[in-house]
Amino acid sequence: MGPNVNSDAPEFSIRESSLGNMAFVARAGRLIEFDISRKTEYEIRKQLVARYPDATMSDKNFRMIYLLLDRYLRGQKVEFHIDVDLSGQREFTRNILTELRKVPYGQVISYGGLARNAGYRNSARAAGQACGKNPIPIIIPCHRVINKDGSIGGFGMGSNFKKRLLAIEGIVFNKAAVRSFTGSR
């Protein structure tokens, strides 16, 4: 991926969006981190270089992600078929996040339903904690997970941000309007 001598060296990119500055980090062609922040590009770059000292900045390998996120933010239905690397996560978290990628655009699932679909009965709270460790929000759609009673649930970027993402997908958040995804693919 890119001109790095060390093909395992991470690459990163920072892009402005309607949600804030988006920062992407990939290693060997696979996305390992995505964040949205109101911080300046300089502040974000400084943090990324501190965490990934051997990283290089490059927009070239992130063009497809930019395109898909731009379409998504304009309200178009998008399937994020992006290679991700969750190897830095514990097995339980990897399994939950992998299962989470199966929740379709415009639908939601409860934390308990997500845990069950991943093979972990009675692990709703742990599934919520795994969602909180999601290093690649939107692409791994943790915003699509809600409480079993239909309330919004937690979200690292705040409940208003979560509601905004759900609204992009056509879900105006209130208990009566929420459709549930219960499939166990």
| query | Quick check: is even one residue across segment 92-108 small (Gly, Ala, Ser), buried (at least 16 other Cβ atoms within 10 Å of the Cβ) and closer than 23 Å to Ala130 by Cβ? | reply | no
| query | Among the residues of segment 105-120, which ones are closer than 18 Å to Val172 by Cβ and among the polar types (S, T, N, Q)? | reply | Gln107
| said: Against the definition (closer than 22 Å to Phe24 by Cβ and open to solvent by 10 Å² or more (accessible area, probe 1.4 Å)), how does Arg144 come out, yes or no? | reply: yes
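Okay, residues lined up against (1) crowded, with 16+ Cβ neighbours inside 10 Å; (2) within 14 Å of Ile14 (Cα to Cα):
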site	(1), (2)
Phe34	yes, yes
Thr40	no, yes
Gln47	no, yes
Ala50	no, no
Met57	no, yes
Leu69	yes, yes
Gln76	no, no
Ile82	yes, no
| note | Those residues of segment 153-184 that are at pLDDT below 90, within 13 Å of Gln107 (Cα to Cα) and open to solvent by less than 50 Å² (accessible area, probe 1.4 Å) come to a total of 6
| query | Taking segment 18-29 as the region of interest, how many residues are out of contact with any Leu (no Cβ under 9 Å at 6 or more places or on another chain) and not in a loop (DSSP other than H, G, I, E, B)? | reply | 4
| request: May I ask you to list the residues in segment 67-109 that are closer than 24 Å to Ser17 by Cα, assigned to a loop (DSSP other than H, G, I, E, B) and among the charged types (D, E, K, R)? | output: Arg74, Lys77, Glu79, Asp83, Asp85, Arg101
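Open to solvent by less than 60 Å² (accessible area, probe 1.4 Å), of a type in the set (Phe, Trp, Tyr), part of a strand (DSSP E or B) and over 27 Å from Glu169 (Cα atoms): does that describe Phe12?
Yes: the conditions hold for Phe12.
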| How many residues, within segment 126-152, are modelled with pLDDT under 95 and basic (Lys, Arg)? | 2
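The values are calculated or read from the model by the stated rules, or taken from the named source; none is laboratory data. Computed from a prediction, not measured in an experiment: that's the story for all the values here. No Cβ is skipped: glycine too gets one built from the backbone with ideal geometry, and neighbour counts run over all protein chains shown. Keep in mind that these areas ignore ligands, DNA and RNA; they rest on the heavy atoms of the full protein, side chains included. Shrake-Rupley method; radii C 1.70, N 1.55, O 1.52, S 1.80 Å.
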